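Worksheet: one structure, shown below.
The values are calculated or read from the model by the stated rules, or taken from the named source; none is laboratory data. Computed from a predicted structure; not experimentally measured. With ideal geometry, Cβ positions are generated from the backbone for all residues, glycine too; neighbour counts draw on all protein chains shown. We work out accessible area using only protein heavy atoms, side chains counted, and drop any ligands, DNA or RNA first. Shrake-Rupley method; radii C 1.70, N 1.55, O 1.52, S 1.80 Å.
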Amino acid sequence: MSRLEAKKPSLCKTEPLTSEKVRSTLSVLKGVIASCYGPSGRLKQLHNGLGGCVCTTSQSSALLRNLSVTHPVLKVLTSSVQNHVSCFSDCGLFTAILCCNLIENIQKLDLTPATAIKLNKYLLSLCTSYLKSEACSCRIPVDFRSTHTFLSLVHSILTSKPACMLTGKETDHIGALILKAFLLTIPESTEERMVLGKSIIVPLKGQRVTDSTVLPGLLIEASEVQLRRLLPTQKSSALRVALFCTSLSGDFSNAGEGAVVAHYQVSLENAVLEQLLNLGRRLVTDHVDLVLCQKVIHPSLKQFLSERHVMAIDRVGVTLMESLSKVTGATPIGSLNPIVSTTYGSVKDVCSARFGSKHFFHLLPNEATVCTLLLCSRNDTAWEELKLTCQTAMHVLQLTIKEPWVLLGGGCTETHLAAYVRHKVHHEAEAIVRDDGCTQAKLHVAAEAFCSALESVAGSLEHDGGEILIDTKYGHLWSCQADSASVGNWSDTLSRCGCGLYNSQEELSWSVLRSTYHPFAPQTCLPQAALGSASNLTVDCFTAKLSGLQAAVETANLILDLSYVIEDKN
């Protein structure tokens, strides 16, 4: 018998953020995340000492999922970011970097946690109110008469993931396919509440990225022999479909803990087979043309159905069941009891398709909003990253349908917001402190910490030692290479701002980011002339970025408010 050990007391630590170890660990985490940010972000390779898969990525979802974090404070931060990404798919790195910056900046100030939290909440409300207002000049309305904004949004997402290893031509091709797949999920006729369909991503590794394509309906992988044996005769009308989510193999896997009682000299196998054949006769009587089963179909039932010109496809898997139900309109059947005719669905046709070395059944829907994105890539690593990126882009497009706005990307929204908050606090400090009950000095230092955190996120886009600037008219971010001209010649060395909306020939003046400059009022009300003349804008999802901003500030406030950390060491 093993020796029983006494239960260890829980470990209680006060003021966790005052610990140098916690601060240094937080700084390391910020460095790892910030170095992944943007189109030129550095890739991270994650693996453990016990072997297993190696993950090469710069995306927050894959990075935080594979990163081992042990300290409770850091777990709060990473869990908050992961929760944001699970809901919105995008802006995870932005959220994590801003949260880390805000915690670090506030820790350097002589403010009580309660005061810092109260001021952070006010500054957050200032940002969210401005971003939602008509006066906001970093928010662009989506024009549904054109695909330009949608393509810019997808293109911005694709180019920010360097591990996808896409060329310019491949980026344009995949971007167009993502938008096409998304449009296929939108129902042609909508009722009061529109329900979007679904896009299924099917892998085809070892092929050129430009071989990727989008097909309406669903692809079910099969062998060439299956295709030849099962393809049906042509019908002028739609094919009737039965969809089973239970096993049709004749086993007793669903018996649970109960006992099966059989009479003497009764063969259970024959009894079950007869029940399956009775099911097959019912399907034939109901004029079913196609049987789809999530699990296994008994060979005798397959033969029975085949002799009567009924296709039977098994092992389709649980991941396709929801999409199959949408494509066919069938209700999954979960038992061998008599079938209600209303559970059947239909498809327009079933044909064969071949892509590379793989063969597929292609289910063509009548009107269903389900499509298949056949995604090709040169290797497994690039394909995994590209798949995750495509899923992010699809989700972002769905969010944009709900809230038809995009924010200027390339760091311009962050620097513009910082300039707006600085100007607002500088000119309205007296009115603000009258309402909030703190001193103007505390308000100014808290606002500077908040704005500096936003600017640091924008500055994280530069990874090659270049200079980061902000113009004093629009408050946009500008970047130039490290070996560019001197400060007096910025208009000759700069091209366009980070989002691509403005060029350097507009008689602008610049200041080095994070340097001391006099607060200015960035121009509000986005000029339509400038917007119309700009092409290939870098934009971000409005919903995801606004939520990321709120999640970052609220998580930072939560961590700043921690007084004790109690760990159970048993």
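So what does H309 come to for accessible area, using a 1.4 Å probe and Å² rounded to 10?
Surface accessible to solvent at H309 totals approximately 140 Å².
Tell me, what is the FRET efficiency for N503 and S129 to the nearest 0.05, using R0 = 22 angstrom and their Cβ-Cβ distance as r?
For R0 = 22 Å, the calculated efficiency reads 0.15.
Find out how many positive minus negative residues lie around L248, taking Lys and Arg as positive, Asp and Glu as negative, among other residues whose Cβ is under 12 Å from that of L248.
Net charge in that neighbourhood comes out at +1.
Take the solvent-accessible surface of the protein heavy atoms, probe 1.4 Å, and return the percent of it on the range 126-177 that carbon and sulfur atoms account for.
58 percent
Can you show me the helix-derived [θ] at 222 nm for the chain, built from DSSP H runs with n ≥ 4 at -39,500 (n - 2.57) apiece and divided by the number of residues, rounded to the nearest 500.
-14000 deg cm²/dmol
Viscosity 1.567 mPa s, temperature 4 °C: what is the translational diffusion coefficient of the range 87-165 from Stokes-Einstein with a Kirkwood Rh over Cα pairs, rounded to a whole number of µm²/s?
My calculation gives 81 µm²/s for D.
How large is the Rg to Rh ratio of the chain when both quantities use alpha carbon positions and Rh follows Kirkwood?
Computed over Cα atoms, the ratio is 1.07.
Find the Rg to Rh ratio for the range 338-447, where Rh is the Kirkwood radius over alpha-carbon pairs and Rg uses the same atoms.
A ratio of 1.31.
Give the accessible surface of the range 177-222 per residue, rounded to a whole number of Å², with probe radius 1.4 Å and ligands, DNA and RNA excluded.
Normalised by residue count, the accessible surface of the range 177-222 is 54 Å².
Could you tell me which of rounded, prolate or oblate describes the range 288-372, using a ≥ b ≥ c as the square roots of the eigenvalues of the alpha-carbon gyration tensor, with rounded for a/c under 1.5 and, failing that, prolate when a/b is larger than b/c and oblate otherwise?
The shape class here is oblate.
Using the basic label-point model (7 angstrom from Cα toward the beta carbon), what is the E430 to L46 distance in nanometres?
Taking the simple label geometry, E430 and L46 are separated by 5.2 nm.
Under 8 Å for C-alpha pairs, at least 6 residues apart: give me the relative contact order for the chain, rounded to a whole percent.
Here the relative contact order equals 25 percent.
K205 versus R282, label points 7 Å from Cα toward the beta carbon: distance in nm?
In this crude spin-label approximation the distance works out to 4.2 nm.
By how many degrees, between 0 and 90 and to the nearest 10, does the Cα long axis of helix 268-285 differ from the longest principal axis of the chain?
Value to nearest ten degrees: 80.
Tally up the carbon and sulfur contribution to the accessible surface of the range 414-518 as a whole percent, 1.4 Å probe, everything protein left in place.
Solvent-exposed carbon and sulfur of the range 414-518 make up 44 percent of the total.
So for the range 432-475, Kirkwood radius off the Cα pairs, Stokes-Einstein at 25 °C and 0.890 mPa s: how many µm² s⁻¹?
Here the translational diffusion coefficient equals 193 µm²/s.
Which is the longest part of the chain that has none of the GluC sites (Glu not before Pro) sitting in a DSSP loop with at most 16 other Cβ atoms within 10 Å?
Answer - 368-505.
Can you give the relative contact order of the range 97-228 as a percent, counting alpha carbon pairs under 8 Å and 6+ residues apart?
For the range 97-228, the relative contact order is 15 percent.
Order the following by accessible area, largest value first: C55, C451. Probe radius 1.4 Å; ligands, DNA and RNA are ignored.
Output order, biggest surface exposure first: C55, C451.
Relative to the longest principal Cα axis of the chain, at what angle does helix 412-436 sit, 0 to 90 degrees, rounded to 10?
Taking the Cα atoms of the chain, the angle to 412-436 is about 60 degrees.
Ignoring ligands, DNA and RNA, how do V32, V425 rank by accessible area with a 1.4 Å probe, largest first?
Heavy-atom accessible area, descending, gives V32, V425.
Over the residues of the range 28-93, compute the C-alpha Rg and express it relative to 2.2 N^0.38 Å.
In units of the globular-protein estimate, the range 28-93 measures up at 1.10.
Measuring from a point 7 Å past the Cα of S495 along Cα-to-C-beta, which residues in the range 35-77 have an amide N at less than 15 Å?
Zone members listed by number: 39-40.
Hey, how many Å between the Cα centroid of the range 453-507 and the Cα centroid of the range 128-193?
A separation of 25 Å, based on Cα centres.
Quick one: Kirkwood hydrodynamic radius for the range 99-223, alpha-carbon pairs, angstrom, one decimal?
About 19.3 Å for the range 99-223.
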